[in-house]
Structures are given as structure tokens and as C-alpha cells.
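The values are calculated or read from the model by the stated rules, or taken from the named source; none is laboratory data. Treat the numbers as computed from the prediction; the structure is a model and nothing was measured. Every residue, glycine as well, gets a Cβ built from its backbone with ideal geometry; the counts of neighbours run over all protein chains shown.
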């Protein structure tokens, strides 16, 4: 529904926490907010290379979760329009400059018979 808005144009940057990798900001591809337990997954592909979910964390309004934790998070929500951060680890530092970023979000919608979500690809400039 809101696929073109998933990947934010700004905020692609180095992690800043001592880990090699980066952070990309994303938005909910649905017109309502959802509990994090209903976010079945957020897949990240950087320059045609998938980043394993185990190497990625999801942060929304200051709370950070692994994707193993999210199925049980019923007390926190990702609201429509709210930016979340995907922090990811890589084996090598990212080069400054343009990178192709693809994010797929899979949602479980309680009243829909089919899965929800979306996919977006953008070329973003990495700021080290």
C-alpha cells in the first residue's frame, strides 16, 4: 500500500556503537500501527546481498529488539508514519557513497486472509 515510503531517503549511516555496519530508517507500509508481534519480519538486502536477520536489530521510539524477540512483543507498537531503525552488521566497513538498499516488511493483519506488507528499493548515500 505504501511501499515507496518504506525506505527513508535520509538517515543511512554508520552504526556508531562500535559494530561494523550501518543503520537504515524505515516506515510501516500499512495505514495503521501494529503491535510488534504482528511484524513477522523485516528483510534487508544491501547491494544485492541479503543481511541475515540475526545480524539485524529493529529499534522503534528508543526500544531495540532482535527479530527473535519480536513475536512476543505485544506491549510495543510501530505506528503509521513512525520511523524505525534497522541496524545491521557487515563483515567489512561500508564504503562511503551510494548503495542499493531493499527492505521487505512482512505483516500479519488480523482481519485479512492474506499476509500484508511491502517491498521498497532505493539508492541511498552512506555517510560514514
Handout entry: Count of region 46-98 residues which are touching a helix residue (DSSP H, G or I) at 6+ places or on another chain (Cβ under 7 Å) and part of a loop (DSSP other than H, G, I, E, B)
Key = 4
Fill in the blank from the handout: Among residues of region 7-21 being closer than 15 Å to residue 55 by Cα and in contact (Cβ under 8 Å) with a residue 12 or more places away in the chain, the residue surrounded by the fewest Cβ atoms within 10 Å (Cβ to Cβ) is 17
Fill in the blank from the handout: Checked 125, 102 against criteria (closer than 22 Å to residue 5 by Cα, part of a strand (DSSP E or B) and under 16 Å from the mean Cα position of the chain (by Cα)); the one match is 102
Problem - Scan of region 42-65 for residues that are closer than 17 Å to residue 27 by Cα, surrounded by fewer than 16 Cβ atoms within 10 Å (Cβ to Cβ) and touching a strand residue (DSSP E or B) at 6+ places or on another chain (Cβ under 6 Å), ordered by number - result: 45, 59, 64
Practice task
Using the structure shown, decide if residue 39 is touching a helix residue (DSSP H, G or I) at 6+ places or on another chain (Cβ under 9 Å), buried (at least 19 other Cβ atoms within 10 Å of the Cβ), at pLDDT 95 or above and under 21 Å from residue 109 (Cβ atoms).
Solution key: no
